[in-house]
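Worksheet: one structure, shown below.
The values are calculated or read from the model by the stated rules, or taken from the named source; none is laboratory data. Being a predicted model, the structure only gives us computed values, none of them experimental.
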Amino acid sequence: MQRQDVIRALFFVVFFGIGAAAFGTAILSSELVRHYENQNLLSEAQEQLEKLRSLNADYDALLERLDSDRELLKRIAPIVLGTETGDPNAVYPPVTPAQVEAVRKALKAASADEVRRPLPRWLERVREPRRRLMMLAAGAFLILISFVCFGPAKQKEAALA
């Protein structure tokens, strides 16, 4: 009798666990989608934060160099402001529209590489209303089966009395 009770309990746990997981997943599918989207947004925000920290460190280093070397300011001012320099030895190559377009394409390609991670396939399938309804029904059916077929065994003595 004990061996049958252990097997019955094992089947109950397996059927109930699978049913509860299917039922819960079907009910919580929209929250799971929101969770994955929030995780994607959080990872993007962290990446942007790291980029900003890197830019701040670069600017701090540049400001320190500007404080220590006043000639550097005179050299980079015409480039930053877009004015002509008075130095006859300075050479600035002309920029063609083709080069500008090539840079734009490269920047667009770099931004296209930063694509969000897609939702897992199983979650995309669970989002569909038809499959969600099927999972609800299957989960409820497995829970019902676990209680009916593998619930506590009736004692023979109680049945005879």
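Suppose the filter is more than 27 Å from SER29 (Cα to Cα) and modelled with pLDDT of 90 or more; does ASN89 pass it? Criteria not met by ASN89.
Among the residues of region 14-50, those identified as within 20 Å of the chain's Cα centre (by Cα) and among the small types (Gly, Ala, Ser) are SER29, SER30, SER43, ALA45.
Considering region 110-129 alone, what residues qualify as being modelled with pLDDT of 80 or more and part of a helix (DSSP H, G or I)? Matches in region 110-129: ARG121, TRP122, LEU123, GLU124, ARG125, VAL126, ARG127, PRO129.
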